[in-house]
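The values are calculated or read from the model by the stated rules, or taken from the named source; none is laboratory data. Here the structure is a predicted model, which means the values were calculated and not measured. We place every Cβ from the backbone using ideal geometry, glycine too, and count neighbours over all the protein chains shown. Note: accessible area is taken over every heavy atom of the protein model, side chains too, but ligands, DNA and RNA are not part of it. Shrake-Rupley method; radii C 1.70, N 1.55, O 1.52, S 1.80 Å.
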Amino acid sequence: MAATHDGLTNGINGHGHSLHPTRFSDVPKAISVAVAEVDGPIDVEISLDDDIQDDPTELCTLLENEEAAKNMWMVVALGYAKQRKADVAIEVLSKALGALAKGRADDRLSILNALCWLYLLKCREAPRVKPEWQLASEARTKDFYIQSATSMLNDASRISPSYPPLFLARGVLYLLRASLQPPSKSGSASQIGPERMDTLKQAAKCFEDALRSSGGKNIMAMMGKARVHYSMGKFPEALKAYQSVLERAPDIIDPDPRIGIGCCFWQLGHKDDAQIAWQRALELNPKSKIALILLGLYTLHLSSQYATSDPRFPDIYKKAIAQYTVPAFKLDDKLPLTCATIGAYYLARKGMDKVEQLARRAIELTDVNAIASDGWYLLARKEHYNDEIAKANEYYLKADQARGGDDRGYIPAKFGAAQIRVLMQDYDGAKFRLEKLLQQTKIVEAQTLLGTLYAEDVFSAQTAKLKEDKSNELKKALTHLEAVRLAWQDPKKKLSPDSSVLLNLARLYETDHPEKSLRCLEQVEQMELDEIPEEDQPQDIEEVELKAALREFLPPQLLNNMGCFQFQSERYSQARELFQTALNACVKVGDRDQSIDTDALVTTISFNLARTYEAEGMLDEAKKVYEGLLDRHNDYTDATLRLAYIALRHSPADEGPKLVQKLYQSDPANLEVRALYSWYLSKAKKRTTNINEDQEQRHYKHTLQHFDKHDRYSLTGMGNIWLAVAREMRRDTEEDKTKRRNMYAKAVEFFDKALQLDPRNAYAAQGIAIALVEDKKDYPAALQIFTKIRETLKDASVFINLGHTYCEIKQYSRAIENYEAALAKDRARDPQILACLGRVWLLRGKQEKSIQAMKTSLEYSQRALEVAPEQIHFKFNVAFVQIQIAQLIYTLPEAQRTLAEVEAAATGLDEAIESFSVIARSPNPPFPKNDIEQRANMGRNTMRRQLERAIQNQREYEDKNAARLQQAREMREAEMRKRQEEKRKAEEAEAEVKRKIAEDRQKMEEKDREYIEKRMEEERRRQEFVAQDEARRGGRGKRSGGKRKKKGETSDSDTEGRDTDAGERTSRQRSAMTSETPGSSGDERPRQKKRKLERKSKHAGKFKSDELIVDSDSDGDPDRDENDDTQAGGDGKGQENPIARPRKAARVIDEDEDDEEVEPEALSNGNGDVSMTEAPTNATENGGDRENESESE
């Protein structure tokens, strides 16, 4: 809409006219009533301002007796309404109906219409529901006044249904009735119920009738129509309607269309535009309570964009309350929207008494369902705070129902009801409500609570050690909590991370994904570090030291948990730093609060630190920590147990067994102690194939029978014993094989029992996989189990078993990879692993016929022998590999071996023969003595001779090959020299070509310079000739006054003063044309066509664009040029333009000039082209013609 009209701004940015009159502004302060007396009528003045009578009986009697007109009754009633005494006004008009019962119908129509409006006014002020303290018969609710207003409209319609003022009143009545109808319980939040939609359509029809009857001038009807669009959710149409009202009545402020414009902008998402409209409304009417409270809500919306910890939040929030909300409340403390808004403020301030009062007022007085919902929600929050669970639940449900409930409703109320369910320990009901809420909208608070509830289900099952499957709850908890975590990263939502969410995620990830759990704890750590006040932070230290110093301010539990995860990931140095920092944090916690008992924390963290020292090999430091723990708590069995284990590792034959025996005797019922004693027996016992004589087996059996039949360590140990015995059993006969299978089945039975008690027991699962490989040769199933175990169990045994399995299925590369991984697990000098590597490299070498693989096998076998030289079977392995190398070397062709390798194999064969002889003489050889001696004899007799022949053949082959190699080398060198020579010659030829090109280019440049100099000289001569010719022509012009003129030329007086200028222009033109064609003279001058302008003929148009530019067909025809010039220089009688135009100057040709004219042949070049010095007449005339064209333009 236009910003100004007739020099005055409209109502948007300030209007020049006076504002629209306010309500009741036309009611006088007093009226006079003529009263008939004996002495004649007298005027009785009736006050209608603040002194108006409270009881209208006397006044009504006076008006009845004097038969006052309808207008008098109306003025009195409006006076009472102005003083906010609508009930008295209704009473006055009711008596007026009786007094005017026999009067004109129009008078009664006016009274009934006024009564209707007064009832509608009372409806806005009446309570929505009956107050608790009021009797039902005395209650005057909104429904009561709507019915009364309807009754008045019906009575008026019986008199005259088409009475125009009734249309507007009926439309407002329908609007009020629609606002009081309950919202639809189905569909989306923006969908309107069918009943309410019908009511709004009826209201729209009434407003249309009002507009039609007023010729489209009824502003209130236009406002009503805009309000109908708004209530229907048609916000663009409503905005357009409000703007139309403002265009027609820019001064109107009560009601103010700017309020409606702002509300439409708000609903359309343009909140800043809404603020501008409301601010303008407040400027025009500083006492507008609606504008104030709406601006307060806008400012509260701005404050919600910042966290409460943000320094900008307090100022914005204070502005919303102090500058807008409180002034609106002072103007009208019964406005429902203001009551609900300021009630929320008192709720945040914990002013619960005022919350109750304001919420009740908002509920009772509003005719908007959303405001009633806000009131119920305030009451629910207040009761929730006071732990009145039943009332809070009731009010939450009412707040939800006020906005539609079910699929619609009020989201905060639904969430509050779910919280109440949690407090009532109805967790299933809470989860059901939250799931349903999240189907409507994804809100972070609901996801956090629901994820926490599912996480608690998982934690409870873990604590109670229930066998119930909680994988579904675990998945849901992770889904919801991760969604919350992802929402923190959205800058639009401006959410602050919650440490409780991260801690729950860390606990959920702890078992299956420890790395993710650690990352969650590290994020919590960073949040805690960010919250440390600056005054507590140390100054002037480096960044690494600063973080270590700040960590001492963190909770020690957090640091301890992070250290445990680092320990499990075998990052021992980082774990050690965290445990040490956690101990320092315990000290600071104790210093800050003496009432906190940190002893348990210090004990646990110290034990973890000692375990880290053990893992790093710092056994002395670990012993000191364990001994320190025992000094503080001498009954700390775990510390004693670790000291015994360290002693057993250091001295397995002396101090270690003594400490273990002492520990076992001091606490034989402790399962941890019995487990350590079992491990000691497994290392110290004498091996036997009779399982009943096995000491370790008897110990496990005693533990299971007398202490704990579900001891998982004992069950796994029993399975390992049965597995080991089955592995050593004979399998010669079917009976032996059956017994062996039964032993494996018994071992699997123990492992299965352990897995039933602990499904994550990796050692029991590994035992089952070993049984599958050794008994049933089920390698794929075993590989699947081993691979899964490797993800959780960081032990060398897993990699060894994987290496065995891959070796059996001939995947030697993977077997080597797993054996080497086992070596890296602090087992670098384990002879068994080294022997396994020697075996797998031997098998790979035989498969690939690779000497290098055989050599690698020999290296690993020799390393195993170095570690355990007393083990005779390791010596046998070395000799066996040497024999295999000799056999392979002999079978390889000469091209695939070298003389050094054959000689080394012969040397190894001699060592193998000697080793076999020694092994055969030993008391306990690994194989039968005769077999070993036979192998030694075969090497001594057969293989030695074979290798001797192989050495001789290899030497001959290499000698011949050396000669051939030398010859090939010489030939290659000759070829290389030839190629280099050819390359050199090619380079020289290329250089010669480049030199010739450079010389030719230089000659061309010199020729060009000479040519340019020649052309410059010619140009200079031409310019001199032109100058002389012009000078000569100037003299002849003075002598030719009496000469005859050519046809079509003007007299000398017409051309006086023009020839000179034309000559100058011709000279300039010729000079320019000459300079543009420097190569036009002599034989080298290029042939070119001339372009000239056609003269304006008598048929030429008056526009210059009509002129044509044509190419001359002749290269240099002076006669034709003259004819063309003569035609162009005609008198122009045939031109359409009647205005005389200046003629071009015509040159007079005398006889002397004709005699002295230069012959064309003398000035033409060899190609027949005429040089630029010929036909000066043409040049002059062309120049004159251009001048004429310039003037016409």
Search result, residues across region 527-552 that are within 21 Å of PRO497 (Cβ to Cβ), among the charged types (D, E, K, R) and in contact (Cβ under 8 Å) with a residue 24 or more places away in the chain
GLU528, ARG551
Residues in region 593-650 that are among the acidic types (Asp, Glu) and under 47 Å from the mean Cα position of the chain (by Cα): how many?
5
ASN924, sole failed condition from (1) out of contact with any Lys or Arg (no Cβ under 8 Å at 6 or more places or on another chain); (2) in a helix (DSSP H, G or I); (3) open to solvent by 20 Å² or more (accessible area, probe 1.4 Å)
(2)
Would you be able to say whether some residue in region 570-584 is in a helix (DSSP H, G or I), touching a Phe, Trp or Tyr at 6+ places or on another chain (Cβ under 7 Å) and acidic (Asp, Glu)?
no
Do we find a residue being touching a residue at least 12 places away in the same chain (Cβ under 8 Å), more than 39 Å from the chain's Cα centre (by Cα) and open to solvent by less than 20 Å² (accessible area, probe 1.4 Å) anywhere in region 303-318?
no
Could you check how many residues of region 873-895 are open to solvent by 50 Å² or more (accessible area, probe 1.4 Å) and among the β-branched types (Val, Ile, Thr)?
1
All but one of (1) farther than 29 Å from LYS442 by Cβ; (2) surrounded by fewer than 16 Cβ atoms within 10 Å (Cβ to Cβ); (3) of a type in the set (Lys, Arg) hold for ARG551; state the number of the condition that does not hold.
(2)
Inside region 837-857, can you point out the residues that are in a helix (DSSP H, G or I) and either open to solvent by less than 30 Å² (accessible area, probe 1.4 Å) or of a type in the set (Gly, Ala, Ser) (or both)?
LEU837, GLY838, VAL840, LEU842, GLY845, ILE851, ALA853, MET854, THR856, SER857
Which one of the conditions (1) of a type in the set (D, E, K, R); (2) on the phi < 0 side of the Ramachandran plot; (3) open to solvent by 30 Å² or more (accessible area, probe 1.4 Å); (4) touching a residue at least 12 places away in the same chain (Cβ under 8 Å) does ASP353 fail to meet, given that it meets all the rest?
(4)
Residues in region 166-213 that are over 23 Å from ARG128 (Cα atoms) and either of a type in the set (Asp, Glu) or at pLDDT 90 or above (or both): how many?
14
Out of (1) open to solvent by 50 Å² or more (accessible area, probe 1.4 Å); (2) more than 18 Å from CYS116 (Cβ to Cβ); (3) hydroxyl-bearing (Ser, Thr, Tyr), what's the single condition that is false for SER94?
(2)
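Condition test on ALA968, is it in contact with a Phe, Trp or Tyr (Cβ under 7 Å, 6 or more places away or on another chain) and either assigned to a helix (DSSP H, G or I) or at pLDDT 85 or above (or both)?
For ALA968, the condition - in contact with a Phe, Trp or Tyr (Cβ under 7 Å, 6 or more places away or on another chain) and either assigned to a helix (DSSP H, G or I) or at pLDDT 85 or above (or both) - is not met.
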Per the list (1) open to solvent by 20 Å² or more (accessible area, probe 1.4 Å); (2) closer than 30 Å to THR448 by Cα; (3) among the hydrophobic types (A, V, I, L, M, F, W, C), residue check on LEU546 breaks on (2)
Quick check on my filter: what residues within region 780-811 are closer than 13 Å to CYS836 by Cα, open to solvent by 20 Å² or more (accessible area, probe 1.4 Å) and hydrophobic (A, V, I, L, M, F, W, C)?
PHE799, ILE800
Determine which single condition GLU614 fails, assuming it passes every other condition in (1) modelled with pLDDT under 90; (2) acidic (Asp, Glu); (3) open to solvent by less than 70 Å² (accessible area, probe 1.4 Å).
(1)
Residue count for region 420-432, restricted to those that are open to solvent by 60 Å² or more (accessible area, probe 1.4 Å) and either in contact with a helix residue (DSSP H, G or I) (Cβ under 7 Å, 6 or more places away or on another chain) or outside any helix (DSSP H, G or I) (or both):
4
Tell me which of these LEU558 doesn't satisfy, since it passes every other one: (1) open to solvent by 30 Å² or more (accessible area, probe 1.4 Å); (2) over 30 Å from LEU648 (Cα atoms).
(1)
Going by what's in this entry, would ASP635 be described as among the charged types (D, E, K, R), in a loop (DSSP other than H, G, I, E, B) and either in contact with a Cys (Cβ under 8 Å, 6 or more places away or on another chain) or open to solvent by 40 Å² or more (accessible area, probe 1.4 Å) (or both)?
yes
Selection count where residues are under 30 Å from THR792 (Cβ atoms), of a type outside the set (Gly, Ala, Ser) and in a loop (DSSP other than H, G, I, E, B), scope region 585-617:
1
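Could you tell me whether any residue of region 192-207 is open to solvent by 20 Å² or more (accessible area, probe 1.4 Å), in contact with a helix residue (DSSP H, G or I) (Cβ under 6 Å, 6 or more places away or on another chain) and outside any helix (DSSP H, G or I)?
Here is the first cut: in region 192-207, the ones open to solvent by 20 Å² or more (accessible area, probe 1.4 Å) are 192, 194-198, 201-202, 204-205.
Now narrow it down to the ones that are in contact with a helix residue (DSSP H, G or I) (Cβ under 6 Å, 6 or more places away or on another chain): 196, 202, 204.
When the remaining residues are screened for being outside any helix (DSSP H, G or I), the result is none.
Checking region 192-207: not a single residue is open to solvent by 20 Å² or more (accessible area, probe 1.4 Å), in contact with a helix residue (DSSP H, G or I) (Cβ under 6 Å, 6 or more places away or on another chain) and outside any helix (DSSP H, G or I).
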Failed item, numbered, when CYS264 is tested on (1) in contact with a helix residue (DSSP H, G or I) (Cβ under 6 Å, 6 or more places away or on another chain); (2) surrounded by fewer than 18 Cβ atoms within 10 Å (Cβ to Cβ); (3) within 18 Å of ALA370 (Cα to Cα); (4) of a type outside the set (A, V, I, L, M)
(2)
